[in-house]
Structure formats: structure tokens, C-alpha cells
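Undergrad: Take a look at the following structure, please.
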Amino acid sequence: MLPFNVTNLNPRDVNQIAIIGTGVIGSGWAAHFLRQGLAVTAYDPAPEAESRLRQSIANLWPTLAKLGLKEGASQEKLTFTFDLPTAVSQAQFIQENAPERLSLKQALLAEIDATAPATAVIASSTSGYAMTDLQQNCTHHPERMVVAHPFNPPYLVPLVEVVGGEKTDPAVVDWAVAFYTAVGKKPLKMNKEIPGFIADRLQEALWREALHMVNEGMATVAEIDAAITWGPGLRWAFMGPCLTFHLAGGEGGMRYMLEHFDPELFSNWTYLDPPPITDELINTMAEGCKAEADGRSIQELEQWRDKTLIALMKALQPHQHQIE
Ligand SMILES: NC(=O)c1ccc[n+]([C@@H]2O[C@H](COP(=O)([O-])OP(=O)(O)OC[C@H]3O[C@@H](n4cnc5c(N)ncnc54)[C@H](O)[C@@H]3O)[C@@H](O)[C@H]2O)c1
């Protein structure tokens, strides 16, 4: 077993990608990497997988062209194989997108680890499994494995949450972050492995609340969607929930907000329990908002918010209730 040395491979020099599993997410990743001018070898055991993937890439190509194709980008750079070892044999970077079943992913990743070049970095698109669990059966180079959780469709939504497991070399996490940045993604490096990662935990909290409201006849499906798309969803698109509430506190910002609106006041608004609002939590939240504000005053942030909201609403206007 050769020691894995991630520093041998410059993230900007990667040009051979293996896509393992080519359903909704795998085909989206394939489209993204092809648009970036990289060569993609895809593997999926489903008999119709190759024709389905090629058709999906062909359908997407005009959209990708509109977004802008990188130098050398071509559908011709897509190869398909029904043999897993062949798929990974030349790969410098491997993105696994098999169904979300722990035992299936553990076995698949162990096979990829055993057959891929020792220098290839392996990423899993899992929606919620920890890499520590996924890499359990990997005996060759588990230190080169990360979770890289994308958002559908990966060729459009920039975020990818990147986190390693107990056996992952932290340098590989940094390497993966540099690689995704080089290929036009917005990687979010996570320092802690938490179930559901960050974005899905947030989505899940909202989703659970929505299901409760529908279940109890408090709100309809349409009311819930309207409540987000015409309201908080617009602000979340560019400010996120923390900076949004920083401005809800007026000149006092997040600190005022948390000191005066203890979530306990709203306990009958939700099925979720808030944590105790300690001084430590208030400080962490306030300092986090201050860092994000990056020197901008509340007034400057408000002006930026209003300008961006107007631009966003104008951009959305022609597309609302319209399928092109
Ligand atoms: N759909 C989403 O919005 C979304 C978002 C983020 C992450 N994910 C994650 O991405 C992964 C793939 O999800 P999806 O939505 O594309 O599922 P999907 O069902 O659309 O695709 C899964 C593909 O894997 C193939 N497959 C089955 N067994 C396989 C094996 N042993 N090896 C390789 N491929 C195999 C299937 O034939 C299928 O084409 C999951 O881990 C999922 O949690 C999904």
C-alpha cells in the first residue's frame, strides 16, 4: 500500500473525472464537469443508463452553452462503461452518486478505493451519511475520501458541502475545496461531521414545520409555498437567515434581536425546541454577524438588502408562474 499524497496533484490540473451512478445527481455532475472542459468517464449498472445519460447531457447542452462553456468543453469527452474498475482506472477525481443506502455505498466505496489509482480523490454525494461510516470498509486509502454534498441541479446550484471522516486526511478536505472552487462551485468546508450537514438540517427543520402545519390543517400547501417565495425566500437568496435577523434588530443588530426576542417567547410558533439563549450564544451570533457584515453598518446593509431585493424581484418577475 503506497502512502497517499494529495500534494502530488494540483486541483487545477485535474482533467479526468469518474462519475459513479448517473441518476438525477450523477448526470447533473457529469454535465457540470463536461461544461468545465473536463473528461468524464461514467459508470452505472442500470441497463438503460448510458442512453439516459447521453440524452440528458444532449438536452442540457444548450443551457450549459448559455451559461458559458469552458475551453475544450465537449459532449465528446463523455465515456460510459458498465465496468466499475474501468470507470475509475484513469480517474484523478471520483464523484460517487449511487442510491442513498448505507450498505450499498459502503460496499461501492470499498470497491472504488480498491481499484482506483492511489492518487485519486474520492467524493460521495450522500445527502446525509457521515464519511466516518461510509469509509468503514475502505482498506486502501480512506484518507482520500470526503463527503461532497451537492444541490440539485449540480450544474446550476453552486453550493457543495465538503467534510471528511475520522480517517480522512484534513489536507484532502482542503484539496477538495480547492478543486471545487477551480471548477466553479461554492464549496462550504465543514469542520464537524454532523448528520444532514448544514443545509439539509436547515431545510429539514422548515420542512418538518410545513408538514405539521398541513397535517393539522393550519395551512395549505399553496399557502406554505407562497409564504416562502414571496417572503423570507427572497432575502435568504442573498443574506441567509442570520444576517436577515441581524437587520431585524434595527441599529442594535443581532445582539438586540436575541436579547429582546428570546425564542422562548415564540415557543408556541414551532414544534422545534430552541436552545437556551446564553450569553455565549448571543456573543457567538453577534460576532458572527459582525464578521459577515465586514465593516458595513446596519444602514449600509439595509441599503444593500433593498437594492438586491429590487434587482432579484425584477429578475424573477418575467418567470413567475411561467414555464418556458
Ligand atoms: N436528488 C437530489 O436532490 C439529491 C441532492 C443531493 C444529494 N443527493 C444524493 O445523491 C445520490 C444519488 O441520488 P439521486 O437523486 O441521483 O438518485 P437516483 O436514484 O436518481 O440515481 C441513482 C443512480 O445510481 C445507480 N446505481 C444503483 N446501484 C448502483 C451501484 N451499485 N453503483 C453505482 N450506481 C448505482 C442507479 O442505476 C441510478 O442511476 C444519493 O446519495 C442522494 O442522497 C441527491
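The values are calculated or read from the model by the stated rules, or taken from the named source; none is laboratory data. Every value quoted in this text rests on a predicted model; they were computed, and no experiment measured them. Ideal geometry is used to build each Cβ from the backbone, glycine not excepted, and the neighbour counts take in all protein chains shown.
Undergrad: In the stretch 50-68, is there at least one residue being part of a loop (DSSP other than H, G, I, E, B), among the acidic types (Asp, Glu) and modelled with pLDDT of 95 or more?
TA: For the stretch 50-68, residues part of a loop (DSSP other than H, G, I, E, B), among the acidic types (Asp, Glu) and modelled with pLDDT of 95 or more: absent.
Undergrad: In this structure, does residue 74 turn out to be surrounded by fewer than 13 Cβ atoms within 10 Å (Cβ to Cβ), more than 14 Å from the ligand (Cβ to nearest atom) and modelled with pLDDT of 95 or more?
TA: So residue 74 fits the description; yes.
Condition check ((1) modelled with pLDDT of 95 or more; (2) surrounded by 15 or more Cβ atoms within 10 Å (Cβ to Cβ); (3) within 16 Å of the ligand (Cβ to nearest atom)) across all residues:
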residue: 126; (1), (2), (3): yes, yes, yes
residue: 144; (1), (2), (3): yes, yes, no
residue: 153; (1), (2), (3): yes, yes, yes
residue: 159; (1), (2), (3): yes, yes, yes
residue: 162; (1), (2), (3): yes, yes, yes
residue: 179; (1), (2), (3): yes, yes, no
residue: 196; (1), (2), (3): no, yes, yes
residue: 204; (1), (2), (3): no, no, yes
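Undergrad: Among the candidates 100, 96, 111, single out the residue that is touching a residue at least 40 places away in the same chain (Cβ under 8 Å), under 29 Å from residue 193 (Cα atoms) and of a type in the set (D, E, K, R).
TA: 96
Undergrad: Tally up the residues in the stretch 94-124 that are more than 12 Å from the ligand (Cβ to nearest atom) and part of a strand (DSSP E or B), please.
TA: 2
Undergrad: Also, quick follow-up: Keeping to the stretch 241-254, report how many residues are in a helix (DSSP H, G or I), surrounded by 14 or more Cβ atoms within 10 Å (Cβ to Cβ) and either touching a Phe, Trp or Tyr at 6+ places or on another chain (Cβ under 8 Å) or free of Cβ contacts under 8 Å to residues at least 12 places away in the same chain (or both).
TA: The number of residues fulfilling the criteria is 3.
Undergrad: Consider residue 289 carefully, then state whether it is closer than 18 Å to residue 228 by Cβ and modelled with pLDDT of 90 or more.
TA: The answer is no for residue 289.
Undergrad: Determine whether residue 46 is within 20 Å of residue 90 (Cβ to Cβ), aliphatic (A, V, I, L, M) and not in a helix (DSSP H, G or I).
TA: no
Undergrad: I'm trying to understand the selection: among the residues of the stretch 80-94, which are over 14 Å from residue 118 (Cβ atoms) and surrounded by 16 or more Cβ atoms within 10 Å (Cβ to Cβ)?
TA: Of everything in the stretch 80-94, those that are over 14 Å from residue 118 (Cβ atoms) and surrounded by 16 or more Cβ atoms within 10 Å (Cβ to Cβ) turn out to be 80, 81, 84, 87.
Undergrad: Could I ask something else about it? Taking the conditions exactly as written (over 22 Å from the mean Cα position of the chain (by Cα) and not acidic (Asp, Glu)), does residue 106 satisfy them or not?
TA: For residue 106, the condition - over 22 Å from the mean Cα position of the chain (by Cα) and not acidic (Asp, Glu) - is not met.
Undergrad: Hey, another quick one. Quick one: in the stretch 128-142, of everything that is within 16 Å of the ligand (Cβ to nearest atom) and outside any helix (DSSP H, G or I), which residue is surrounded by the most Cβ atoms within 10 Å (Cβ to Cβ)?
TA: Going through the qualifying residues, I end up with 135.
Every residue, every condition in (1) touching a residue at least 40 places away in the same chain (Cβ under 8 Å); (2) part of a helix (DSSP H, G or I), yes or no:
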| position | (1), (2) |
| --- | --- |
| 152 | yes, no |
| 166 | no, no |
| 171 | yes, yes |
| 177 | no, yes |
| 193 | yes, no |
| 205 | yes, yes |
| 256 | no, yes |
| 264 | no, yes |
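Undergrad: Also: Yes or no: residue 27 among the hydroxyl-bearing types (Ser, Thr, Tyr) and buried (at least 16 other Cβ atoms within 10 Å of the Cβ)?
TA: yes
Undergrad: If you don't mind, there's one more thing I want to ask. Could you tell me which of the residues 89, 27, 51 is away from the ligand (no atom under 13 Å from the Cβ) and polar (S, T, N, Q)?
TA: Sole residue among the options that is away from the ligand (no atom under 13 Å from the Cβ) and polar (S, T, N, Q): 89.
Undergrad: What number of residues within the stretch 8-42 are under 18 Å from residue 160 (Cβ atoms) and free of Cβ contacts under 8 Å to residues at least 60 places away in the same chain?
TA: 4
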